[in-house]
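Undergrad: Can you read through this structure? Questions will come right after.
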Amino acid sequence: MTQFVVYKALFGSYDKIEPINSELVQGNTDYFVISDIELILPAPWKLIQVERKFDSYALENRFYKMNGLDWFKNYKRSIYLDGNINFTGSLDRLLETLDTDKDIYAFNHPKRSNVTDEFKACLIYNKITIQEYLESTREAYQPFKDAKIEMFECGILIRNPKSSILSAAMTEWFELFENNIRRDQLYFPFIIVKHNLKIGSLGISNIRNNSEFFSIKAHTHKTRWVDRKKVLLYKKLNKLFKWL
């Protein structure tokens, strides 16, 4: 009986779907990639082809990342992975460690504990512009900074598709992303608190080095030389003058 589903949402040429080690492919799990084009995928990945809803690849990805639960109501758990994240360990072994009463699981952020610091890091690492950072200082963004919960990374989300409160929370999460500065984990703590979601921690994220279950690769798009220089400049300014 198929109980679990793993899925990714791929739009544009941002990432390449990697095959899963055959020893980790499980008979009780389905593996899907949601995309707007007819991809040729390595086994066991299967394609769910959709029509574009938005004129932005980022919006398209986040729509299915956050609202993909609507496709998977018949599964006990859905596991969303960013396009550049892959399995290195047994899914069954991971899932058997999780409490069944939780609505959602994610990794704790390895470096930052609050949304205010995340906004600063987004500017330093060229994820948002200076104009967007200044916008984030407006009163409208204060509720997101005031959420009394730790920061999580959102590249891996394990959810209960049958949760009665999760669907509305994910819908609002997408709306916040669509209508504000477009960094999804800035609004994640607010959504967890507002909707009283039962969240479980997968531990402090270690997927960049020694994770038992996941690995991450750099995105396939190339970072421009000028962007790398900007990151180095912002980091140096912040270290010398604490400019943020």
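Undergrad: How big is the antiparallel share of DSSP beta bridges in segment 4-241, given as a percent to the nearest 5?
TA: Close to 40 percent.
Undergrad: In the structure displayed, which of Lys8/Lys53; Lys76/Lys198; Lys46/Lys194; Lys65/Lys102; Lys102/Lys194; Lys145/Lys198 lie more than 23 Å apart, Cα to Cα?
TA: From the list (Lys8/Lys53; Lys76/Lys198; Lys46/Lys194; Lys65/Lys102; Lys102/Lys194; Lys145/Lys198), the Cα-Cα distance tops 23 Å for Lys46/Lys194.
Undergrad: Let me ask another. Does anyone have the angle between helix 115-124 and the longest principal axis of the chain? Alpha-carbon axes, 0 to 90°, nearest 10?
TA: 80
Undergrad: Compute the acute angle (0 to 90°) between the alpha-carbon long axis of helix 166-179 and the principal axis of greatest extent of the alpha-carbon atoms of the chain; round to the nearest 10°.
TA: 40
Undergrad: Under the definition of Cα pairs under 8 Å and six or more residues apart, what whole-number percent is the relative contact order of the chain?
TA: Dividing the mean separation by the residue count of the chain yields 25 percent.
Undergrad: Starting from the amide H of Ile48, placed 1.01 Å from N in the peptide plane, find each other amide H under 5 Å away whose residue is 5 or more places distant or on another chain.
TA: Answer set, sorted by chain and number: Val33, Ile34, Ser35.
Undergrad: Any idea what angle helix 57-67 forms with the longest principal axis of the chain, computed on alpha-carbon atoms, 0 to 90 degrees, nearest 10?
TA: Compared with the principal axis, the helix lies near 60 degrees.
Undergrad: Please report the net charge: other residues with Cβ closer than 13 Å to the Cβ of Ala43, K and R +1, D and E -1.
TA: -1
Undergrad: Restricting attention to segment 1-105, which GluC sites (Glu not before Pro) occupy a DSSP loop and are surrounded by at most 13 other Cβ atoms within 10 Å?
TA: Counting only loop positions with at most 13 other Cβ atoms within 10 Å, the GluC sites (Glu not before Pro) in segment 1-105 are Glu38, Glu51, Glu96.
Undergrad: Right, something else. For segment 43-169, what does the relative contact order come out to in percent, with C-alpha contacts under 8 Å and a separation of six or more?
TA: 43
Undergrad: If you take the charge dipole of the chain about its Cα centre, with +1 on Lys and Arg Cβ and -1 on Asp and Glu Cβ, which of Phe107, Phe11, Ala121 is farthest toward its positive end?
TA: Going by the charge dipole, the pick is Ala121.
Undergrad: Please list, by residue number, every one of the trypsin sites (Lys or Arg not before Pro) in segment 83-117 that is coil in DSSP and has at most 15 other beta-carbon atoms within 10 Å.
TA: Taking segment 83-117 and a limit of 15 other Cβ atoms within 10 Å, the loop trypsin sites (Lys or Arg not before Pro) found are Lys111.
Undergrad: Okay, moving on. Please state the charge dipole magnitude for the chain, taken about the Cα centre, from unit charges on C-beta atoms (+1 on K and R, -1 on D and E), reported in debye and rounded to the nearest 20.
TA: 1020
Where a number appears in this text, it was derived from the coordinates with a stated rule and is not lab data. This structure is a prediction, so every number in the text was calculated from the model and none was measured. In this analysis, Cβ positions are derived from the backbone assuming ideal geometry, glycine residues included, and neighbour counts consider all displayed protein chains.
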